[in-house]
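A short worksheet on the structure shown next.
Throughout, read-outs are computed from the coordinates displayed, never taken from laboratory work. What you see is a predicted model, and the numbers here were worked out from it, not measured in a lab. FYI the Cβ positions are ideal-geometry reconstructions off the backbone, even for glycines, and counts take in every protein chain you see.
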Amino acid sequence: MPGEFEFLNWVRSQQRRDVIVQLPAGDDLAILRWPADDLLLVGIDQVLDGVHFDSTIHTPHAIGAKVMNRNLSDCAAMACLPVVAVITFALPRSVSPEYAKNLYAGIRDAGMAIASEDVSACAIVGGDTGVWNGPLAITCAILGRAAGITPIQRNGARPGDGVFVTGAIGGSILGRHMTFSPRVALARQLAASCTISAMIDLSDGLSRDLGHICDESSVGAVIDAAQIPIHPDARALCNDRALGGDRSPLEHALHDGEDYELLFTSPDCRDARAIRIGTIAAQREVLLRLDGADKPMRPAGFEHQLSSEKPAP
Ligand SMILES: [Mg+2]
């Protein structure tokens with residue numbers, strides 16, 4: 001990439017110090033002053049051109065935002081407070097410094113967008129840039145804190161717990177898979193106000209992600225199809241033969257991925273922002289109650305395929 005040093009100098013100019021970030025990117029390592037007695041939660045996520053985004057369609061700012069937001073959504077899934085992130089870019093030789101800056105800005109802006117009364121912005125404190133002949137690939141690692149809330153795992157669901165989602169699902173391929181807002185603040189508010197026994201963010205689709213909770217918790221569940229909030233995008237997909245007209249809106253809501261809403265179980269949640277869709281059961285099978293009959297709900301495995309955005313002519 002011509003102007004690589006200009007890009008790196010610009011990145012350096014974006015760095016900020018704060019209570020935790022004692023030394024941001026610019027030296028060999030960043031230095032953090034981690035709060036004493038708090039847990040450190042660590043995750044990493046990789047996004048690839050043609051798999052998680054399509055650089056011929058999506059802007060660099062939107063691609064950058066998705067990279068950060070996927071990590072932030074994993075923080076939400078454990079009710080963890082995101083603190084800082086480090087990023088690597090594998091940049092195609094053809095990209096301009098302007099393109100790289102927009103990628104970075106997308107990541108930075110997504111980290112800032114979560115800031116609210118309860119949640120501080122997630123800063124970028126380091127990373128690495130390489131230029132190569134391959135496609136665009138970005139990796140983001142995130143460091144978070146428990147900050148007063150015990151991290152919520154996938155293995156705590158118990159028979160009788162309600163099963164909840166935090167928003168309408170299905171059809172994210174129409175655009176929401178790039179533009180979603182990670183539910184960091186909501187996760188922490190829910191965790192502070194009720195007992196959440198297990199939680200996950202909906203990245204692989206309801207059927208698959210509920211399977212993860214049930215497997216980890218050694219339980220099953222009964223899901224009421226009539227209670228599942230189906231996103232208008234799931235209905236729109238059904239009217240589009242090329243993209244998804246072979247499946248019903250309910251099937252899209254059950255099996256499409258990348259909604260990034262929260263899926264959780266709780267014995268006592270009364271929060272109006274959480275929609276109850278079923279109940280955890282002792283018998284280790286996930287059932288879908290539809291028109292009065294219970295049938296096994298198996299992960300259909302409609303893995304996210306960007307190619308479906310560009311159907312063959
Ligand atoms: Mg996740």
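Remark on segment 24-71: hydrodynamic radius 13.6 angstrom, per the Kirkwood mean of 1/r across alpha carbon pairs. Among the trypsin sites (Lys or Arg not before Pro) found in segment 29-71, those both in a DSSP coil and sparsely packed, with 15 or fewer other Cβ atoms within 10 Å of their Cβ, are Arg33. Rg over Rh for the chain works out to 1.00, using Cα positions for both radii and the Kirkwood form for Rh. Placing +1 on each Lys and Arg Cβ and -1 on each Asp and Glu Cβ, with no other charges, gives the chain a dipole about its Cα centre of roughly 260 debye.
Put simply, when 281-287, 154-160 are sorted by average Cβ atoms within 10 angstrom per residue, most first, you get 154-160, 281-287. Here the contact order of segment 70-155, divided by its residue count and restricted to Cα pairs under 8 Å and six or more residues apart, works out to 52 percent.
Note on Thr59 and Leu290: their simple-model spin labels are 3.9 nm apart, each label 7 Å out from Cα toward Cβ.
Each principal axis of the Cα cloud of segment 1-146 was taken in turn, and the coordinate range along them, longest first, works out to 46, 31, 22 Å.
The Rg/Rh ratio of segment 163-289, with Rg taken over Cα atoms and Rh as the Kirkwood radius over Cα pairs, comes to 0.97. Short-range pairs are left out: with C-alpha atoms under 8 Å and at least six residues apart, the relative contact order of segment 208-259 is 29 percent. For segment 123-186, the Kirkwood estimate of hydrodynamic radius, built from reciprocal distances between every pair of different alpha carbons, is 16.8 Å. GNM, the chain, Cα, under 10 Å: largest mean-square fluctuation among Ala185, Ala242, Ala65? Of Ala185, Ala242, Ala65, the Gaussian network model singles out Ala242 as fluctuating most. Sequence-distant contacts, meaning Cα pairs under 8 Å at least 6 residues apart, place the relative contact order of segment 1-151 at 36 percent. Between the residues Leu202, Leu287, Ser116, the greatest Cα displacement towards the positive end of the dipole of the chain, with unit charges on the Cβ of Lys, Arg, Asp and Glu, is found for Ser116.
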